[in-house]
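The structure appears below as structure tokens.
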Ligand code: SF4
């Protein structure tokens with residue numbers, strides 16, 4: 001996917017003024033924030049479960065290479081073929097090679113964010129392979145030539161009217177407006193595609209080391225069709241998705257759907273193990289699993305390693321007041337919200353996403369809901385420290401910070417400077433006690449007044465009061 | 001109890017009366033209050049901008065100024081969180097400093113938390129009469145668990161009616177430098193907050209962090225609301241008479 005994260009600020013401003021989007025985001029908040037709140041209490045020992053989930057993920061990350069090779073052994077023993085992709089380009093090349101080997105003309109795809117990292121659809125289409133997205137949201141986006149704006153609800157930015165128009169235009173059928181009618185229309189168009197596809201492409205929510213299985217959670221059932229009907233199934237996922245045992249997965253599955261969509265469990269949980277055996281009635285003849293690094297291993301062993309615990313539930317963005325106001329596209333790459341503000345700079349380079357680590361008030365709402373307890377605000381702050389160390393902050397900011405630091409460390413100069421500045425602001429505030437404009441801080445005053453200070457600093461008043469007090473007078 | 005007051009850079013510059021209200025509350029709770037005069041800022045602006053070095057220097061400065069007190073109290077959840085939660089993180093690889101700063105961190109309290117749980121203030125001197133709604137500022141709420149404390153103290157005031165707003169725990173959009181750097185986004189977040197405040201329809205919006213309160217006040221006034229009072233919790237709890 002093209003990287004547009006450099007334009008975050010401009011994009012965010014545009015999104016704030018997009019009425020349709022604002023309404024869609026309000027609906028998302030009701031559905032997902034409300035949804036999580038309604039069911040998360042079903043887990044009686046929520047804190048312990050989150051801690052256990054984080055520990056499961058940490059245990060894997062401490063010995064990731066070993067767990068991966070364990071997974072590879074088990075998967076291979078059950079008839080799957082495991083591939084290792086260092087970059088997105090490698091993923092595209094490997095899938096194309098598999099397609100050529102099995103004479104694939106048409107591929108049906110279920111949702112995979114990793115494939116968005118690689119731009120897989122475009123790469124396959126360039127090879128003459130037709131690719132059809134079968135997740136309803138992704139299908140709509142494919143018709144509209146748009147990118148997902150949420151990792152769980154990719155088409156959340158579009159309203160029903162827009163989808164009605166899109167279907168009428170692309171399907172050349174009478175315009176429908178009801179949700180179930182629209183779904184039926186999509187289903188009727190997609191069903192034959194599953195049967196015609198030579199290859200199914202999916203992601204994987206987890207890889208289970210002890211059984212060599214790929215696990216996917218879905219709500220639409222398209223995942224099952226994609227992974228079982230076509231002759232060839234390719235599962236593409238990040239190397240960090242491996243977990244040791246089925247038991248571990250069951251702990252994570254208590255948290256994932258509840259955190260993501262407010263469901264106690266998703267409609268489908270599919271555990272895909274091996275290819276079709278001699279005694280099996282169905283399943284793919286060939287099962288390929290592509291393990292993707294694409295920058296992930298660079299986080300191992302460093303301060304940012306906790307980010308690799310992520311199970312892609314989307315709770316951090318659902319609860320993020322920044323995401324709630326601008327949606328996912330403003331972030332400019334595959335992953336939006338707090339997790340995206342950490343992953344994007346890591347994957348595409350801090351220089352291509354300089355705003356993202358700063359586009360947060362560090363309010364902590366994300367970390368409070370993250371099922372695997374990733375300290376997202378701390379990680380954002382670490383990226384800011386990195387920007388500072390690399391001299392990537394704009395000079396006025398650095399100069400202001402230098403001046404402030406020096407003053408804060410020199411109390412006498414600090415007292416004098418604040419005394420003067422406060423007096424000036426007080427006078428500028430007039431009788432109303434409000435500043436409508438403030439040079440150098442238009443970011444504040446364009447949308448808000450600046451309440452004027454009281455006039456004298458606390459320090460001045462306190463010292464005077466203290467002196468008067470010693471002379472037996474009433475304080476202040 | 002000997003309490004050192006960390007009055008915060010924002011109270012110093014913008015609303016000294018919050019500092020005096022804090023002193024009178026601590027005294028009402030029976031504390032002996034000292035105000036070290038060389039204090040400046042807890043270092044949070046630098047810390048959140050990625051300037052770890054300055055934050056460390058300011059943490060050390062804080063240590064020398066406040067180490068001698070039984071407790072340190074500050075009328076701000078975010079400064080309290082900086083000291084309590086983040087100072088120790090700054091010295092993870094410096095055991096000598098950590099051994100001194102970690103216990104001091106644990107003796108540092110946000111004002112309402114201290115008044116309720118440590119000083120056990122029973123009689124609230126404040127004279128405020130009317131309805132109010134409370135905004136839970138982020139760091140105090142999520143780092144320190146300050147949520148019930150201010151409400152419990154307010155409940156002891158006979159003239160006060162609390163009317164909770166929707167989403168009282170959602171960030172108001174202040175975020176320090178964020179409010180200037182991403183001005184329109186920050187203002188939108190403040191605007192959402194103001195909508196909830198106005199829907200609560202109270203005489204006052206009250207909170208425990210001046211940064212958030214200035215943000216909220218600035219947006220309320222720009223929206224044309226000159227009626228809703230914006231008050232720090234210390235101003236409501238303290239008897240304001242005679243204070244600067
Ligand atoms: S960072 Fe945490 S909350 Fe966000 S998507 Fe990942 S697991 Fe979910």
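Values for this structure:
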{"quantity": "Residues that are within 17 Å of the chain's Cα centre (by Cα), in a helix (DSSP H, G or I) and within 15 Å of residue A:148 (Cα to Cα), drawn from the stretch A:1-33", "calculated": "A:5, A:25, A:28"}
{"quantity": "Number of the exception - residue A:420 against (1) outside any loop (DSSP other than H, G, I, E, B); (2) over 16 Å from residue B:190 (Cα atoms); (3) facing another protein chain (nearest Cβ under 10 Å)", "calculated": "(3)"}
{"quantity": "The listed residue being within 13 Å of another protein chain (Cβ to nearest Cβ), closer than 19 Å to residue B:52 by Cα and either within 14 Å of the ligand (Cβ to nearest atom) or surrounded by 24 or more Cβ atoms within 10 Å (Cβ to Cβ) (or both), out of A:321, A:377, A:354", "calculated": "A:377"}
{"quantity": "Conditions (1) assigned to a helix (DSSP H, G or I); (2) under 26 Å from residue B:176 (Cβ atoms); (3) not assigned by TED's automatic domain parsing to the domain that holds residue B:190: number failed by residue B:149", "calculated": "(3)"}
{"quantity": "Residues located in the stretch B:1-36, provided they are buried (at least 20 other Cβ atoms within 10 Å of the Cβ) and part of a strand (DSSP E or B)", "calculated": "B:3, B:4, B:5"}
{"quantity": "Qualifying position, being buried (at least 24 other Cβ atoms within 10 Å of the Cβ), more than 16 Å from the ligand (Cβ to nearest atom) and either touching a residue at least 40 places away in the same chain (Cβ under 8 Å) or closer than 23 Å to residue A:96 by Cβ (or both), among A:273, A:211, A:227, A:218", "calculated": "A:227"}
{"quantity": "Enumerated strands (runs of 3 or more DSSP E) restricted to the stretch A:78-139, each holding at least 3 residues that are over 25 Å from the mean Cα position of the chain (by Cα) and either surrounded by 19 or more Cβ atoms within 10 Å (Cβ to Cβ) or at pLDDT 95 or above (or both)", "calculated": "A:80-85"}
{"quantity": "Enumeration of residues in the stretch A:324-342 that are more than 12 Å from the ligand (Cβ to nearest atom) and assigned to a helix (DSSP H, G or I)", "calculated": "A:324, A:325, A:326, A:329, A:330, A:331"}
{"quantity": "Leading residue by the ranking (nearest to the ligand (Cβ to nearest atom)) among those in the stretch A:358-371 that are more than 13 Å from residue B:175 (Cα to Cα) and surrounded by fewer than 24 Cβ atoms within 10 Å (Cβ to Cβ)", "calculated": "A:369"}
{"quantity": "Selection from the stretch B:170-209 of residues that are more than 7 Å from every other protein chain (Cβ to nearest Cβ), more than 15 Å from the chain's Cα centre (by Cα) and part of a loop (DSSP other than H, G, I, E, B)", "calculated": "B:177, B:201, B:202, B:203"}
{"quantity": "Any hit, the stretch B:49-57, residues being modelled with pLDDT of 95 or more and under 26 Å from residue B:147 (Cβ atoms)", "calculated": "no"}
{"quantity": "Subset of the stretch A:230-249 [farther than 26 Å from residue A:103 by Cβ and touching a strand residue (DSSP E or B) at 6+ places or on another chain (Cβ under 9 Å)]", "calculated": "A:238, A:239, A:241, A:242, A:243, A:244, A:245, A:246, A:248, A:249"}
{"quantity": "Some residue of the stretch A:395-406 being at positive phi and more than 8 Å from every other protein chain (Cβ to nearest Cβ)", "calculated": "no"}
{"quantity": "Residue match in the stretch A:58-66 (condition: touching a strand residue (DSSP E or B) at 6+ places or on another chain (Cβ under 7 Å), crowded, with 18+ Cβ neighbours inside 10 Å and either in contact (Cβ under 8 Å) with a residue 60 or more places away in the chain or not in a loop (DSSP other than H, G, I, E, B) (or both))", "calculated": "yes"}
{"quantity": "So residue A:308, is it within 14 Å of the ligand (Cβ to nearest atom), modelled with pLDDT of 95 or more and part of a helix (DSSP H, G or I)", "calculated": "yes"}
{"quantity": "Filter result for residue A:12 (farther than 16 Å from residue A:291 by Cα and surrounded by 16 or more Cβ atoms within 10 Å (Cβ to Cβ))", "calculated": "yes"}
{"quantity": "Residue B:79 at pLDDT 95 or above, over 21 Å from residue B:36 (Cβ atoms) and either surrounded by fewer than 21 Cβ atoms within 10 Å (Cβ to Cβ) or within 14 Å of chain A (Cβ to nearest Cβ) (or both)", "calculated": "no"}
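The values are calculated or read from the model by the stated rules, or taken from the named source; none is laboratory data. Given the structure is predicted, the values throughout are model-derived calculations rather than measurements. A quick note on method: Cβ atoms are made from the backbone with ideal geometry, for glycine too, and the neighbour counts reach across all protein chains shown.
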